[in-house]
Every structure is written in structure tokens, then in C-alpha cells.
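Engineer: If you scroll down you'll find the structure; I have some questions about it.
Bear in mind that the values in this text are calculations on the coordinates, not laboratory data. In this text, all values refer to a predicted model and were calculated from it rather than measured experimentally. When we count neighbours, we look across all protein chains shown, and the Cβ atoms used for this are built from the backbone with ideal geometry, even at glycine.
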């Protein structure tokens with residue numbers, strides 16, 4: 001059983017940042033100033049915990065126009081990448097988004113993750129991949 005919590009404490013937020021630091025800054029070499037941005041306080045963050053209660057995955061959703069939520073910073077530690085944590089993070093963020101009244105979700109996925117998001121019902125809408133923080137991405141959407 002995977003436990004996913006909406007971030008409500010500073011400790012949980014720091015856990016989310018630690019996961020993002022490991023995945024994006026350390027593994028993928030994204031500059032810290034791009035990873036931690038001006039939307040930190042606007043976004044709703046979630047953290048997933050493994051059976052040992054260790055934080056292993058995170059993500060956030062933020063407002064992105066009328067009725068649209070943008071999924072961002074979806075990250076799963078390397079040691080947990082086959083455990084279904086990404087799917088559970090996305091499901092929790094979509095549930096939160098529906099509660100907030102969003103009728104559509106958008107995300108900018110790294111191209112290697114396109115298949116993962118397609119399995120969750122997202123459809124690629126970018127005409128071609130684009131670079132974001134030096135990594136190839138595509139824009140994807142899903143109706144809530």
C-alpha cells in the first residue's frame with residue numbers, strides 16, 4: 001500500500017524538495033535556480049511514502065488558466081521507480097485538481113516519459129519536442 005499525502009507541513013515540503021533535488025538537480029543536472037521557482041507557494045504539493053514510511057516520490061499541481069491545472073515536478077527516486085509511485089502521485093494530483101474545479105490537466109513531460117503519461121490518459125499536443133532546462137520535453141493534456 002502506497003501512502004500519498006498532500007503537503008501541509010514544512011517537513012513534508014522539505015521531503016518533496018529533497019526528492020526533487022536528487023532527481024532533477026543531481027541526476028539530471030537541472031540548475032537549482034530553475035528547479036525551485038516562484039510557484040512553490042502557489043502550487044499544491046504531494047509526497048508518496050514507501051512501506052518503511054520513507055518519502056520516495058513527489059509532484060505538484062498549479063493553476064494554469066481557467067479550469068486548467070498544470071502538473072509539474074513529478075519525481076520518483078531511482079530506487080522506487082518500478083513501484084507504481086508515479087501513477088499514484090498523478091492520481092492524487094488529479095483528484096486534488098478535480099476538487100479545485102479543474103476540467104483539464106496539462107504537463108510538459110520529458111520525452112522518455114511520454115509512454116508513462118499516455119497510459120494515464122494524457123495525449124501529446126506539441127507538434128515537436130522542445131528543450132526545457134536542457135532536457136527534451138513534449139506538451140500533453142488530459143480532460144479531467
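Engineer: Stokes-Einstein D for the chain at 20 °C, 1.002 mPa s, Kirkwood Rh over Cα pairs, in µm²/s?
Structural biologist: For the chosen part, D equals 140 µm²/s.
Engineer: By its C-alpha gyration tensor, with a ≥ b ≥ c as the square roots of the eigenvalues, how is the range 71-117 shaped: rounded for a/c under 1.5, else prolate for a/b larger than b/c, else oblate?
Structural biologist: oblate
Engineer: Also, I was wondering about something else. At 7 Å along Cα-to-Cβ for each site, give me the label-to-label distance between residue 136 and residue 114 in nm.
Structural biologist: With each label placed 7 Å out from Cα toward Cβ, I get 0.8 nm.
Engineer: Length gain on complete extension for the stretch residue 64 to residue 33, per 0.36 nm per residue less the alpha carbon to alpha carbon distance?
Structural biologist: Contour length minus Cα-Cα distance gives 9.1 nm.
Engineer: Restricting to the range 3-143, what percent of DSSP beta bridges are antiparallel, rounded to 5?
Structural biologist: 90
Engineer: Considering only C-alpha atoms, what is the centroid distance from the range 88-124 to the range 1-59, in Å?
Structural biologist: Cα centres, the range 88-124 to the range 1-59: 17 Å.
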